[in-house]
Amino acid sequence: MSALAASLLTPAGFAAANLGFVAVAAAILGWAKLRTRPGPAFPGPRPVGPLFKVWLLVIWLVGMLLPLVALAVAGRAPMVAVALGWYVALFLVQIGFELLAWKRWRSPVWVIVPCLFLPWRLFQVAMGLAVVGGPPLAVATLWALLVLWVINVGVHYSNIPNSLRWDAHPADARFAALAGPNPFVGRAR
């Protein structure tokens, strides 16, 4: 294992990696927000169907409740506390960023938040699996999270057109603003 990889698998390495990711994600979202101005307020995602509501419940149960239970039961093991603690913290940061972009900015930039955080969440779980050799509940939780987020990458990415209401445009719609180099700024002809 390289020295860099070994240094990431320490409590300080987990902190540096996760805080660095939050800084990069915040910069990307801020830049994306600037690129989408001026523009009308984005109305938000379409109402989701019953199947997607069930999937959101699974995300909350497996993605948040299970790690909290594992932390409560097995959190005395230092690396369990580090791995699952940072996981839960960034889950909450993601929710905060989504609410900021969707509710406060009223911007389509909110769709980018999961696109940034889902791959990072997979990296967090892989880091956790590399350092947590027990207790069994913590290891099972990390494997469940890996499966959950791999599936959710596909669910989220395939749902982006619905989220952005791309299907609301007529089939013969012309997007004159796309003729310019920056489709998010300027008037459509």
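For (1) touching a helix residue (DSSP H, G or I) at 6+ places or on another chain (Cβ under 9 Å); (2) over 24 Å from Leu142 (Cβ atoms); (3) part of a helix (DSSP H, G or I); (4) hydroxyl-bearing (Ser, Thr, Tyr), each residue gets a yes or a no:
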{"site": "Ala17", "(1), (2), (3), (4)": "yes, no, yes, no"}
{"site": "Leu29", "(1), (2), (3), (4)": "yes, yes, yes, no"}
{"site": "Pro38", "(1), (2), (3), (4)": "no, yes, no, no"}
{"site": "Pro43", "(1), (2), (3), (4)": "no, yes, no, no"}
{"site": "Val48", "(1), (2), (3), (4)": "yes, yes, no, no"}
{"site": "Leu57", "(1), (2), (3), (4)": "no, no, yes, no"}
{"site": "Leu61", "(1), (2), (3), (4)": "no, no, yes, no"}
{"site": "Ala72", "(1), (2), (3), (4)": "no, no, yes, no"}
{"site": "Met79", "(1), (2), (3), (4)": "yes, no, yes, no"}
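Considering only residues in region 123-162 that are among the polar types (S, T, N, Q), modelled with pLDDT of 90 or more and under 17 Å from the mean Cα position of the chain (by Cα), the one that is farthest from Gly85 (Cα to Cα) turns out to be Asn152.
Do the conditions hold for Leu57, that is, is it among the aliphatic types (A, V, I, L, M), free of Cβ contacts under 8 Å to residues at least 60 places away in the same chain and loosely packed, with under 12 Cβ neighbours inside 10 Å?
For Leu57, the condition - among the aliphatic types (A, V, I, L, M), free of Cβ contacts under 8 Å to residues at least 60 places away in the same chain and loosely packed, with under 12 Cβ neighbours inside 10 Å - is met.
When Val109, Val48, Val22 are checked against the criterion of being at pLDDT 95 or above and within 19 Å of the chain's Cα centre (by Cα), a single residue qualifies: Val22.
Each row is one residue, and each column tells you yes or no for (1) surrounded by fewer than 18 Cβ atoms within 10 Å (Cβ to Cβ); (2) more than 19 Å from Thr36 (Cβ to Cβ).
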{"position": "Leu68", "(1), (2)": "yes, yes"}
{"position": "Ala74", "(1), (2)": "no, yes"}
{"position": "Pro78", "(1), (2)": "yes, yes"}
{"position": "Val88", "(1), (2)": "yes, yes"}
{"position": "Ile95", "(1), (2)": "yes, yes"}
{"position": "Leu100", "(1), (2)": "yes, no"}
{"position": "Arg104", "(1), (2)": "yes, no"}
{"position": "Ser107", "(1), (2)": "no, no"}
{"position": "Ile112", "(1), (2)": "no, no"}
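Taken over region 123-144, the criterion of being crowded, with 18+ Cβ neighbours inside 10 Å and not in a helix (DSSP H, G or I) is satisfied by Val132 alone. Sub-6 Å Cβ pairs linking a first residue in region 70-90 that is without any contact (Cβ under 8 Å) to a residue 60 or more places away in the chain to a second residue that is surrounded by fewer than 19 Cβ atoms within 10 Å (Cβ to Cβ) and not aliphatic (A, V, I, L, M), at least 6 apart or interchain, are Ala81/Gly75, ordered by first then second residue.
Can you tell me which residue within region 1-15, out of those that are in a loop (DSSP other than H, G, I, E, B) and among the aliphatic types (A, V, I, L, M), is modelled with the lowest pLDDT? Quick ask: steps written out before the conclusion?
Keep residues of region 1-15 that are in a loop (DSSP other than H, G, I, E, B), which gives 1-2, 9-10.
Still in the list and also among the aliphatic types (A, V, I, L, M): 1, 9.
Numbers: Met1: 63, Leu9: 81.
In this case the residue turns out to be Met1.
Is it true that some residue in region 25-38 is more than 20 Å from the chain's Cα centre (by Cα), in contact (Cβ under 8 Å) with a residue 12 or more places away in the chain, under 12 Å from Pro108 (Cα atoms) and loosely packed, with under 13 Cβ neighbours inside 10 Å? Checking region 25-38: at least one residue is more than 20 Å from the chain's Cα centre (by Cα), in contact (Cβ under 8 Å) with a residue 12 or more places away in the chain, under 12 Å from Pro108 (Cα atoms) and loosely packed, with under 13 Cβ neighbours inside 10 Å. Would you check if Trp120 is assigned to a helix (DSSP H, G or I), over 17 Å from the mean Cα position of the chain (by Cα) and not β-branched (Val, Ile, Thr)? So Trp120 fails the test.
The values are calculated or read from the model by the stated rules, or taken from the named source; none is laboratory data. All of these numbers come straight from a predicted model, not from anything done at the bench. Note that we place each Cβ from the backbone using ideal geometry, even for glycine, and neighbour counts take in every protein chain shown.
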